[in-house]
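The values are calculated or read from the model by the stated rules, or taken from the named source; none is laboratory data. Values in this document were obtained by computation on a predicted structure and should not be read as measured data. Note that we place each Cβ from the backbone using ideal geometry, even for glycine, and neighbour counts take in every protein chain shown. These area figures cover heavy atoms from the full protein model, side chains too; ligands, DNA and RNA do not enter into them. Shrake-Rupley method; radii C 1.70, N 1.55, O 1.52, S 1.80 Å.
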Amino acid sequence: AHHKQSDQQTRDLLQVRQQLEHLNRLKADFMSNVSHELRTPLTIIQESVLLLLDGLCGPLNAAQQQRLAAARSNVYRLTHLINTMLDFTRLEAAQQPLQLEALAVGELFQKLRFEFQPRVEAKQLLLEVVPAPEVHPVQADARALDQVLHHLLENAIKFTPALGRISVSARNMGSHVRITVTDTGSGIKPEDHERIFDQFQQVGRVHGPGEQGTGLGLAICRQQLQRMGATIT
């Protein structure tokens with residue numbers, strides 16, 4: 001009787017696990033599909049706003065420029081949220097096999113500067129990208145490392161007030177390279193240093209208007225770096 005009961009419990013647990021896996025796949029598919037569907041209209045909105053701000057559809061007065069600048073900022077924010085959800089669902093579904101290769105840190109930094117300079121200027125921030133010619137190449141997946149650095153810079157921009165400074169630098173640490181992103185924002189309390197890398201954690205979040213997010217960005221950073229044999233602190 002004991003063996004029969006044990007076998008039945010094993011079958012029940014297996015069935016529950018299969019049901020949970022099925023629900024998890026449905027959730028991941030739903031998030032992925034919704035994110036993809038949102039990206040197309042958002043891209044059109046972004047292009048339209050940028051065309052208007054560039055004056056290609058006629059001159060704008062100061063009030064119109066201010067409104068469109070606010071729209072541009074929120075379009076960037078929505079794009080980042082959607083990309084974060086897509087990154088998370090891909091990671092959960094193991095859809096991103098790593099392709100490790102030697103990457104030049106200096107080239108990564110210049111790419112970041114080019115991509116983020118308009119964003120930091122729009123928020124009246126200073127972005128310092130410290131050249132790293134002496135830093136040796138890192139063995140990493142180009143897309144995954146780029147994703148990590150993008151999340152870190154998005155956070156730095158989000159939580160650094162106007163006229164602040166963001167710095168990206170690198171240095172050799174024996175056989176490893178330490179890449180550092182710093183900013184002049186409010187910082188993170190020591191007791192929260194580990195918790196911020198957990199899924200859906202947002203320290204110091206307050207209700208109402210202000211910078212919000214999914215609480216997934218730093219969790220994705222840690223997962224991607226761990227997959228490449230690296231760490232984040």
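Find the accessible area per residue for the range 30-182; the probe is 1.4 Å, ligands and nucleic acids are left out, and the unit is Å².
Values: 8900 Å² over 153 residues.
Accessible area per residue, the range 30-182: 58 Å².
Each label was represented as a point 7 Å from its Cα along the Cα-to-Cβ direction; for ASP198 and LEU78 these points are 3.2 nm apart.
If you stretched the chain out fully between LEU98 and ARG11, how much longer would it get, using 0.36 nm times the residue separation minus the C-alpha to C-alpha distance?
Working: separation 87, 0.36 × 87 = 31.32 nm, distance 3.51 nm.
Between LEU98 and ARG11, full extension yields an extra 27.8 nm.
Partners of LYS111 within straight-line reach, counting aspartates and glutamates whose Cα lies under 14 Å from its Cα and excluding those fewer than 8 residues away in the same chain: GLU128, ASP146. If R0 equals 25 Å, the separation of the Cβ atoms of GLU191 and ILE232 corresponds to a calculated FRET efficiency of about 0.90. For the range 47-136, rounded, prolate or oblate, judged on the Cα gyration tensor with a ≥ b ≥ c (square roots of eigenvalues), a/c < 1.5 rounded, else prolate if a/b > b/c? Cα axes put the range 47-136 in the oblate bin.
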